[in-house]
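The values are calculated or read from the model by the stated rules, or taken from the named source; none is laboratory data. Here the structure is a predicted model, which is why all the values come from computation and not from measurement. For neighbour counting, all protein chains shown are included, and Cβ atoms are generated from backbone atoms with ideal geometry for every residue, glycine included. Side chains included, ligands, DNA and RNA excluded: accessible areas come from the protein's heavy atoms. Shrake-Rupley method; radii C 1.70, N 1.55, O 1.52, S 1.80 Å.
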Amino acid sequence: MQVTKIAKNEYVKWLLNSRMIVLGCILILMYVMVLQPLKERAAMMGEPLNLLEGYIGLCNSPVFLAFLPVLFLVLVSDFPKMDYNMVFLLHRCGRRNWITGQLLFLFLADITVLAIVFAGMVIPLLDVGFWYNGWSNVITEAAQRLPEGSSRFLTDLIPPNLYFQLTPFVVAVRSSFLMFAYFYLLGVIMMFGKFFGKRVIGLIVSALLVVLGAGASYFSVSVMWLLPAAHAIVSRHYTDFYREMHCSMQASYWYFLILILLLCCGAYLKGRKLSFSKITDIE
């Protein structure tokens with residue numbers, strides 16, 4: 001009961017924070033950079049789009065993928081909130097419950113951001129889209145029916161190795177799960193750094209993972225599989241040949257699960273010995 005109250009209080013304060021305006025700004029940017037070009041090319045071909053194709057393209061492009069983790073880091077930049085009110089919370093509910101409540105809040109924040117991004121990428125396509133577990137002709141026939149410059153945008157957004165081997169529903173579910181794990185991992189890294197009294201270190205490490213991972217994924221460097229970004233992009237797992245993969249989906253699931261569990265265990269161990277002198281965020 002105490003855990004849910006802590007998570008609820010943090011969640012409500014987070015939703016009312018002025019930083020949430022950034023989420024709206026990013027959605028507008030994503031519309032201009034992803035959805036508007038998609039709709040223009042659909043109009044050129046006289047074909048409808050699958051409602052999920054904008055969201056799938058956003059989650060599977062190394063270029064656009066950098067925006068989402070950075071957005072999440074901005075929205076939870078003070079996680080976990082550690083001010084002098086926390087002293088009373090620790091006395092009342094205990095350190096373990098407080099940490100569990102923070103992790104539950106991170107779970108809720110993660111789900112909320114993904115749900116809003118999903119809605120923001122699907123709703124604007126309602127007037128030109130359809131709901132079906134199959135790719136649109138805009139994606140599969142762009143190379144034959146559009147000029148090279150226009151078709152190149154679409155193949156970069158949703159590459160052939162993705163739509164030849166998987167259906168939109170499968171890609172959307174896998175992308176959402178991996179993106180959730182990616183965001184949660186970044187949040188736990190921030191918590192781990194905060195518990196050592198180094199809030200900036202946690203932010204810097206998370207930001208470096210995002211930037212380096214996006215760069216390595218964009219240039220397809222082999223070292224990308226050491227970083228979480230590549231594991232979060234479904235299209236990077238598949239080669240151009242059926243049934244051959246650069247990295248299995250199961251390996252990526254285990255990658256995120258093991259790292260998150262290790263960091264959570266480390267946070268619990270460190271949190272048990274957390275000194276009040278580490279509380280540096282003064283309201």
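Residue 21 versus (1) at pLDDT below 85; (2) within 20 Å of the chain's Cα centre (by Cα): which is the lone unmet condition?
It is condition (1) that residue 21 fails.
With 214, 230 as the choices, which residue is within 14 Å of the chain's Cα centre (by Cα), buried (at least 21 other Cβ atoms within 10 Å of the Cβ) and closer than 21 Å to residue 164 by Cβ?
From the options 214, 230, the qualifying one is 230.
Identify all residues within segment 114-128 that are among the aliphatic types (A, V, I, L, M), part of a helix (DSSP H, G or I) and either surrounded by fewer than 19 Cβ atoms within 10 Å (Cβ to Cβ) or more than 16 Å from the chain's Cα centre (by Cα) (or both); write none if there are none.
115, 116, 119, 122, 123, 125
Taking the condition of being part of a helix (DSSP H, G or I) and either modelled with pLDDT of 90 or more or of a type in the set (A, V, I, L, M, F, W, C) (or both), how many residues in segment 190-234 meet it? Outline the logic, then answer.
First, the residues of segment 190-234 that are part of a helix (DSSP H, G or I): 190-195, 199-218, 222-226, 228-232, 234.
Checking which are either modelled with pLDDT of 90 or more or of a type in the set (A, V, I, L, M, F, W, C) (or both) leaves us with 190-192, 195, 200-201, 203-205, 207-212, 214, 216, 223-226, 228-232, 234.
Adding up the residues that qualify gives 27.
In segment 194-207, which residues are open to solvent by 10 Å² or more (accessible area, probe 1.4 Å) and either under 17 Å from the mean Cα position of the chain (by Cα) or of a type outside the set (Lys, Arg) (or both)?
Matches in segment 194-207: 196, 197, 200, 201, 203, 204, 205, 207.
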